[in-house]
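Q: Sharing a structure here in structure tokens format.
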Amino acid sequence: MAKSRDEIFKDVQEVLVDALGVDDDEVTTEATLIGDLGAESIDFLDIVFRLEKAFGLKIPREELFPAESLMNDPEFVKDGKFTEQGLAELRAKVPHTDLSGFEDDPDINKLGDLFTVEAIVNYVEGKLNAA
């Protein structure tokens, strides 16, 4: 039986509360994992593991949080900002993420702001619907 978007959000919320030790009310759709919820890079592995368990999915880490491999490629990042090619690659890798504000100033230091609760919900919803 398919889960509704609200049910997916509730499950994602529970995963993030458990993984990051934050309160339910802090996990809103707009919340960023790093800035708002205090996630560190090590937490991303735990989040992916918990999401896989919660939803019965296989989630390649680079698929949900692909930034690391992109940031180390000189064709994609120049002078601390994503190049046009880098942005195209990012768009292709994270269709579940809203890049509209980031594209105006694609500073790699703002990349963490893209990892929102909503992006995770979008990703999981897409995976579940494809299954």
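The values are calculated or read from the model by the stated rules, or taken from the named source; none is laboratory data. All values derive from a computational prediction rather than experimental measurement. Glycine gets a Cβ as well: all are built from the backbone with ideal geometry, and neighbour counts include every protein chain shown.
Q: Can you spot a residue in segment 75-94 that is aromatic (Phe, Trp, Tyr), at pLDDT 90 or above and in contact with an Asp or Glu (Cβ under 6 Å, 6 or more places away or on another chain)?
A: Yes, the conditions are met somewhere in segment 75-94.
Q: Here is a further query. So, in segment 1-12, of the ones that are in contact with a Leu (Cβ under 8 Å, 6 or more places away or on another chain) and either in a helix (DSSP H, G or I) or of a type in the set (D, E, K, R) (or both), which residue ends up farthest from Lys127 (Cα to Cα)?
A: Val12
Q: To continue, here is another question. Taking the criterion of being under 14 Å from the mean Cα position of the chain (by Cα), among the aliphatic types (A, V, I, L, M) and closer than 20 Å to Glu125 by Cβ, would at least one residue in segment 13-21 satisfy it?
A: yes
Q: Considering each of Gly101, Gly112 in turn, give the residue that is touching a Gly at 6+ places or on another chain (Cβ under 9 Å) and either closer than 30 Å to Gly21 by Cα or of a type in the set (Val, Ile, Thr) (or both).
A: After applying the criteria, what remains is Gly112.
Q: Give me the residue from segment 79-102 that is surrounded by 12 or more Cβ atoms within 10 Å (Cβ to Cβ) and aliphatic (A, V, I, L, M) and, out of that set, nearest to Glu63 (Cα to Cα).
A: Taking the candidates together, the pick is Val94.
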